[in-house]
Amino acid sequence: MTKVVRIGNVMIGGGNPVAVQSMTNTDTKDVEKTIEQIENLQKAGCQIVRLSVYDNECVEALKKIKSRVSIPLVADIHFDYKLAIESILAGADKIRINPGNIGAKWKVEEVAKVAMAHGIPIRVGSNEGSMDESYVKKFKSISEALVYSALDEVNILESVGFNDIVVAVKSSDPVETVQANEMISKMTQYPLHIGVTEAGIYEDAVVRSAFALGHLLYEGIGDTIRVSIAGDPVREIGVAYSILQSVKRFEGPEIVACPTCARTEINVEELATAVRKELIGVKGKVKVAVMGCVVNGIGEAKGADVAVFGTKSEGVIYFHGKIFSKVGRDEILPNLKKLVEDHLKGEKDEINKIC
């Protein structure tokens, strides 16, 4: 089991739930737009947000942003160790440094001393695209190079008594990402942040991340994750939770939907998307089926905790496998949410009886 590390009000490692991260792509200096994006990420279920801090103006912006948001903030630092120190003083909840470009050993030691004094963790993030060339030449594979690049930086942190550490080894190649994380998980007890870096546009990023992160999580590797998608980072959150749910590492609404056919009388994708949004933030194990016709609708409804299949004018709602009600199209969402809450309340009551 990995070591527990606190990032703001979020605990990772040590058997804690896997935390979902993302990163803003607004200019950090634009405080208002960055806060807006952070709030949208948080509404989608994001638990930790990383910001680029690339100069002193970003540090000043970080102070303002930190004072107005409640989610833990990670300062992403490259090249300039002084920016890491200033970000800690500005209120960052964690610092990410890149062993490929942060510089000499003494610079890392200085960052560690300030972080230790303020109780702030450091993530050592080793990326294929920014790794020191000496590691690429020294080792036979990129996976090994990533691992030893990270561990050498970890050793520097430990040399000054700092051990509030998170480690990440990321490649744009999902197989290399799996190999590197499998390797490093056997060599350290620090919590691992997992992800496929530069994973690409939406479809490619989803497939690559689902393969690599799903594989690792199924093996029990990974304490915090990010799905990297080019474009709007809010989309990363839903994908992350889908991956976690698929490998049984997250208990929240599992929403299944039919692929539709000529018999479909409602827009299943639109309804299923609306159901997902309606149930964001709901905690607990519940299966919800959104179906377009009676062919598979009845069977899925019987296998789900809550289900709906629709006609042109109404929705037929099932609860625990039996028809519960028929409602108008505008009444589907509130009725589904109420039944989901009733189901979860019933589950909780049953657990309390047993206890």
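The values are calculated or read from the model by the stated rules, or taken from the named source; none is laboratory data. Just so it is clear, the model here is predicted, and its values are computed rather than measured. Note that we place each Cβ from the backbone using ideal geometry, even for glycine, and neighbour counts take in every protein chain shown. What goes into the accessible areas is simple: the full protein's heavy atoms, side chains included, and nothing from ligands, DNA or RNA. Shrake-Rupley method; radii C 1.70, N 1.55, O 1.52, S 1.80 Å.
Candidates Thr188, Thr177: the one that is open to solvent by less than 10 Å² (accessible area, probe 1.4 Å) and hydroxyl-bearing (Ser, Thr, Tyr) is Thr177.
Close Cβ contacts (under 6 Å, 6 or more residues apart or on different chains) running from residues in segment 135-154 that are closer than 20 Å to Leu192 by Cα and free of Cβ contacts under 8 Å to residues at least 40 places away in the same chain to residues that are charged (D, E, K, R) and open to solvent by 10 Å² or more (accessible area, probe 1.4 Å) comprise Ile142/Glu128; Ile142/Glu176. Considering segment 69-106, the residues that are out of contact with any strand residue (DSSP E or B) (no Cβ under 9 Å at 6 or more places or on another chain) and not in a helix (DSSP H, G or I) include one that is most open to solvent (accessible area, probe 1.4 Å), namely Phe79. Here Arg50 meets the list (1) crowded, with 17+ Cβ neighbours inside 10 Å; (2) in contact with a helix residue (DSSP H, G or I) (Cβ under 6 Å, 6 or more places away or on another chain); (3) charged (D, E, K, R) almost entirely, failing just condition (2). In segment 228-342, counting only strands (runs of 3 or more DSSP E) that sit wholly within it, the ones holding 3 or more residues that are open to solvent by 20 Å² or more (accessible area, probe 1.4 Å) span 253-257, 322-328.
Among the residues making up segment 198-220, those that are hydrophobic (A, V, I, L, M, F, W, C), over 14 Å from Gln245 (Cα atoms) and either open to solvent by less than 10 Å² (accessible area, probe 1.4 Å) or touching a residue at least 40 places away in the same chain (Cβ under 8 Å) (or both) are Ala199, Ala205, Ala212. Is one or more of the residues making up segment 120-135 modelled with pLDDT of 95 or more, open to solvent by 10 Å² or more (accessible area, probe 1.4 Å) and not in a helix (DSSP H, G or I)? Yes: segment 120-135 contains one or more residues that are modelled with pLDDT of 95 or more, open to solvent by 10 Å² or more (accessible area, probe 1.4 Å) and not in a helix (DSSP H, G or I).
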